Each structure stands twice: as structure tokens, then as C-alpha cells.
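First up is the structure itself, then whatever we jot down about it.
The values are calculated or read from the model by the stated rules, or taken from the named source; none is laboratory data. All values reported here derive from a predicted model rather than from experimental measurement. Methodologically, a virtual Cβ is constructed for each residue, glycine included, from the backbone with ideal geometry; neighbour enumeration extends over all protein chains shown.
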Amino acid sequence: MSTDQLEDTMRLSLTSRPRQVPSSVGIVHLGIGAFHRAHQAVYTEDAGDGWGICGITQRSAAVVDQLAPQDGLYSVLERGPEGVSARIIGSVREVLTGDATADRIADPEVRVVSLTVTEKGYRHDPATGRLRLDDPEICLDITGREPRTVIGRLVRGLARRDAPVTILCCDNLTSNGATLRGLVEEYAERAGVKITCDTAFPATMVDRIVPATTAEDLDEAERLLGVRDQGVVVTEPFTQWVIEDSFAAGRPAWEKAGAIFTEDVAPYELMKLRLLNGTHSMLAYLGARFEYVSDAVGVLGDALRLYMDEDATPTLTVPTGFDLEEYKASLLTRFANPALKHRTAQIAMDGSQKLPQRLLGVVRDRLAAGAEPRWAALAVAAWMRHVWTAKNLDDPLADHLRMAVSRAVRPSEVVDALLSITEVFGPDLRESAVFRDLLVEHLAWLTSGASPY
């Protein structure tokens with residue numbers, strides 16, 4: 001699907017062609033996966049002020065193979081209760097592999113570097129927010145090879161710049177801007193690299209459900225658009241982006257596309273991490289027997305709401321004018337959308353990296369308040385069951401986790417073995433008798449079949 005093909009074959013409606021096709025690149029995006037293409041790239045196009053994106057894949061080259069022959073064009077298939085629609089996005093102007101990262105970041109015409117590389121892509125310790133200096137890939141990068149990690153490539157590119165630039169983390173990390181700044185500075189110090197350009201690391205919160213694309217989705221997009229698109233992404237109608245308004249070298253007018261700019265992202269970030277993401281993880285592990293989220297939420301809705309109301313909500317500071325009750329109700333409605341076909345297995349991936357951001361902060365805050373985090377502990381126990389019983393554990397700490405539970409026979413042994421993994425739980429939660437007892441109780445229920453969940 002090239003630009004010429006669009007002109008020749010798409011005479012259907014305005015949504016069948018991009019709203020703009022920028023002529024230059026002002027944004028380099030690391031992690032040009034489905035989420036970025038369904039979220040930030042759409043906002044950038046809808047801002048309408050000509051900012052083009054160079055998308056760089058840090059892992060598989062499949063997205064390059066999909067989008068490069070299409071001049072970076074792709075379609076967004078939006079599935080909601082009222083039906084499905086498709087539109088073409090033209091904001092992505094280049095699609096490259098990771099080897100090009102440093103050179104593209106060094107380009108003075110680039111003014112924003114954004115990232116969606118998932119939690120594990122940062123190779124950090126989720127419990128402390130620090131760089132994992134024992135990570136073999138980080139060690140190889142620091143000791144002199146051409147960088148292959150995201151942080152290594154980012155630092156290499158920044159070290160080649162003189163012009164100011166903004167680094168915009170759009171992943172689910174607590175205080176993601178400050179966390180990324182700390183990782184960059186720690187890596188640069190360890191590697192003996194100097195960064196002299198002015199940089200800004202704003203905090204952000206992103207929200208949109210983007211399940212994996214299926215062959216059926218490709219067929220439906222072709223039916224709606226009249227042309228075959230190999231780069232289709234699927235999403236829901238809901239979208240939200242909250243951004244700290246602190247940029248070093250200008251930015252697109254994302255507010256024209258609906259983004260919220262604020263001086264303090266933290267309350268929005270915490271709500272999203274603990275309500276949407278925390279509930280999503282609870283749903284995935286507790287409802288692992290269901291293939292799709294929409295099926296699981298019908299059975300587990302009461303437990304999810306109890307987690308949100310009794311454990312997560314007391315730990316939040318709600319922004320003025322924000323309707324928290326409506327937001328919580330909307331989450332269950334979004335999860336129940338059967339058209340998305342969001343697989344629980346997709347959410348269950350990388351649990352060791354996700355739990356500290358999504359659930360363990362709730363646990364710590366409830367314990368500090370003298371309360372029992374009963375429902376958050378149920379979600380963590382369900383993850384422990386997943387680690388103990390899953391045949392194919394998709395997690396960057398998979399070998400470590402499997403080894404920890406390999407000799408465990410009883411739920412109490414599983415709990416003690418996993419609580420000892422400080423990369424996930426830190427040293428503090430291991431010492432909490434209240435938390436441990438809840439985990440043992442819940443895991444015993446879950447593995448005996450006596451639990452109503």
C-alpha cells in the first residue's frame with residue numbers, strides 16, 4: 001500500500017486516506033510496535049502540524065518488512081460496541097531497525113525521542129528503578145561493544161548531539177520520565193560517556209487497549225478500505241494521553257488531538273497503573289482459564305471491583321474534577337468489549353516487570369496504612385500460581401522464577417521462594433507477615449479449587 005496506491009484505489013471516504021503525510025521527521029520513536037501506532041502516532045497525525053515520525057524497531061524486523069513497502073502507511077482498526085471502523089495513518093515517515101538508533105537520534109532536526117519498549121526493555125530493577133548492572137546485554141554495552149540495548153543506543157545517540165532534545169517515555173513505569181533520566185545518567189556514568197546537549201524527560205501517562213492483530217483483522221481492514229494492509233493495528237475507541245508540559249525543543253500540538261498537558265502527571269499515572277493496569281493483571285492471572293478478557297471479566301467482575309474500591313482507591317490522590325467512580329465503571333465496560341478479542345495470555349507476559357508498577361505499590365501503601373491488601377494479594381497469588389504451573393512462562397526472569405519454585409510442593413513454599421526474589425518484591429515485602437499470610441491463604445485456595453475465583 002504505497003501513496004500512489006492510495007490515490008488510485010481509495011476513493012471511498014476521507015477516512016480512507018491519511019489526514020497528512022509530513023515531509024520531514026521531527027520525532028524518533030523507539031519501539032514502533034502496535035501500541036505506538038494506535039496511540040502516539042495517531043495523536044501526532046491529528047495534531048496536524050507536520051511532525052513526521054521515524055519509527056525504530058528494537059527487536060524483530062517484521063514491522064520494517066510490513067511498513068517499508070507501504071511508505072510507512074498503515075491502518076488503525078477501531079472496534080467498539082457500535083461497530084468497527086478503519087482509517088489510514090500517515091505520520092510515520094521512516095521505519096528502521098535498531099542499528100540506526102544512534103544516528104537518527106543524533107540528527108539535529110529531531111527534537112523529540114519517544115519510547116514504547118515495554119517495561120522489560122529498560123533492563124532495570126523494577127523494585128528499585130535502577131539499571132540492572134548484572135544484565136549480560138547491559139554489561140556488554142557498557143564495556144565497549146556497539147550498543148544493542150535500548151538504553152545503550154539512546155545514550156550513544158544523545159552523546160552525539162549538540163542540539164536540545166526531549167526524551168518522552170510512554171511506558172508503564174512509575175515516574176517514567178524521572179526513572180528514564182536516572183537510567184540514562186547511570187548508564188552514561190558507567191560507560192564513561194558524556195551527554196552535553198540540553199535534555200528534558202517529561203512524565204507521561206498513556207491509555208489505550210491494543211490487542212495483537214490477527215489474520216481476521218487484516219481481512220476486515222481490507223474489506224473496509226479496499227486495499228491489503230500488512231501493518232494493521234487494532235484498538236478500542238477510548239484513548240487518553242496525559243503529558244507533563246516540559247519540552248526542551250518544541251513539540252507537536254498534541255492538545256489539538258485531545259492530549260492533556262499538566263504540571264503534575266503523577267495522579268493520573270498512579271490511577272492508570274493501579275486501576276487499569278493492576279486490574280488487567282489481576283484479570284489475566286485470575287482468569288487464565290479464559291482465552292479472552294471479555295469472557296473473564298463476566299465471571300471476575302466482582303473481585304475486580306473489590307480490588308479497585310477497597311485496595312487501590314484508598315492509595316490514590318484524585319485530580320480536581322476527575323470522576324473516579326465513572327472511570328472505574330468505564331474500565332469494566334472497556335474490558336467487556338468482545339470485539340477486541342484481547343487475550344489474557346498477552347497481558348500475562350512479563351509479570352515480574354509489571355507487578356511492581358501495577359500491584360506491589362498498592363500492597364505497600366495499604367500495609368503502611370495498617371490495612372490488609374486482601375484483593376491485591378489475591379492478584380499477586382494468582383501470578384504466583386501462574387509462575388508455579390505455567391508450561392511456557394513468558395518473562396525475562398523466567399529461568400530465575402522457575403528455579404525458585406522448582407522444589408516447592410506446598411503453597412507456603414512457593415510463596416516463600418518467590419518473595420525471596422528481591423528484583424520483584426524488594427527486601428521489605430518478604431518481611432511482611434501480613435502479606436505473606438494473605439498470599440499463602442489465597443494460593444492454597446487457588447490451587448485446591450476451593451476458591452470461588
Notebook entry, point to check: Looking at (1) in contact with a His (Cβ under 7 Å, 6 or more places away or on another chain); (2) assigned to a helix (DSSP H, G or I), which is the only condition Ala288 fails?
Noted result: (2)
Margin query: Based on this model, can you work out whether Leu324 counts as in contact (Cβ under 8 Å) with a residue 60 or more places away in the chain and either surrounded by fewer than 19 Cβ atoms within 10 Å (Cβ to Cβ) or not hydrophobic (A, V, I, L, M, F, W, C) (or both)?
Written below: no
Margin query: Could you go through region 237-246 and let me know if any residue there is among the polar types (S, T, N, Q), under 16 Å from the mean Cα position of the chain (by Cα) and under 21 Å from Gly80 (Cα atoms).
Written below: yes
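Looking only at residues in region 309-321 that are β-branched (Val, Ile, Thr) and surrounded by fewer than 13 Cβ atoms within 10 Å (Cβ to Cβ), which one is farthest from the chain's Cα centre (by Cα)? Write out each step before concluding.
Kept after step one, since they are β-branched (Val, Ile, Thr), are these residues of region 309-321: 313, 315, 317-318, 320.
Within this subset, residues satisfying the condition of being surrounded by fewer than 13 Cβ atoms within 10 Å (Cβ to Cβ) are 317, 320.
Numbers: Thr317: 22, Thr320: 26 Å.
Selected residue: Thr320.
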Margin query: Given (1) polar (S, T, N, Q); (2) part of a loop (DSSP other than H, G, I, E, B); (3) surrounded by fewer than 19 Cβ atoms within 10 Å (Cβ to Cβ), identify the lone condition not met by Asn337.
Written below: (3)
Check: Does Phe261 satisfy being modelled with pLDDT of 95 or more and within 27 Å of Ala47 (Cβ to Cβ)?
Finding: yes
Notebook entry, point to check: When region 34-79 is examined, which residues are found to be surrounded by fewer than 20 Cβ atoms within 10 Å (Cβ to Cβ) and small (Gly, Ala, Ser)?
Noted result: Gly48, Gly50, Ser60, Ala61, Ala62, Ala68
Margin query: If I ask for residues that are more than 23 Å from Ile209 (Cα to Cα) and crowded, with 16+ Cβ neighbours inside 10 Å, which ones from region 161-177 would you list?
Written below: Arg161, Val165, Thr166, Ile167
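Is it the case that some residue within region 119-132 is over 30 Å from Arg79 (Cβ atoms), within 20 Å of the chain's Cα centre (by Cα) and among the polar types (S, T, N, Q)?
Residues of region 119-132 over 30 Å from Arg79 (Cβ atoms): 122-132.
Checking the rest, the ones that are also within 20 Å of the chain's Cα centre (by Cα) come to 122-132.
Still in the list and also among the polar types (S, T, N, Q): 128.
Among the residues of region 119-132, at least one is over 30 Å from Arg79 (Cβ atoms), within 20 Å of the chain's Cα centre (by Cα) and among the polar types (S, T, N, Q), which makes the answer yes.
Residues that are free of Cβ contacts under 8 Å to residues at least 40 places away in the same chain and of a type in the set (Asp, Glu): find the helices (runs of 4 or more DSSP H) completely inside region 17-102 holding 3 or more of those.
Per the criteria, no element qualifies.
Among the candidates Leu131, Leu158, Leu140, single out the residue that is under 20 Å from Asp99 (Cβ atoms) and touching a strand residue (DSSP E or B) at 6+ places or on another chain (Cβ under 8 Å).
Details: Leu131 fails: under 20 Å from Asp99 (Cβ atoms); Leu140 fails: touching a strand residue (DSSP E or B) at 6+ places or on another chain (Cβ under 8 Å).
Going through Leu131, Leu158, Leu140 in turn, just one is under 20 Å from Asp99 (Cβ atoms) and touching a strand residue (DSSP E or B) at 6+ places or on another chain (Cβ under 8 Å): Leu158.
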Next item on the list: Give the residue, chosen from Val363, Val318, that is under 28 Å from Thr179 (Cβ atoms), out of contact with any Asp or Glu (no Cβ under 6 Å at 6 or more places or on another chain) and part of a helix (DSSP H, G or I).
Entry: Val363
Note to self: Looking for something in contact (Cβ under 8 Å) with a residue 60 or more places away in the chain and either within 30 Å of Thr333 (Cα to Cα) or of a type outside the set (Phe, Trp, Tyr) (or both) - is there at least one such residue anywhere in region 135-146?
What the structure shows: no
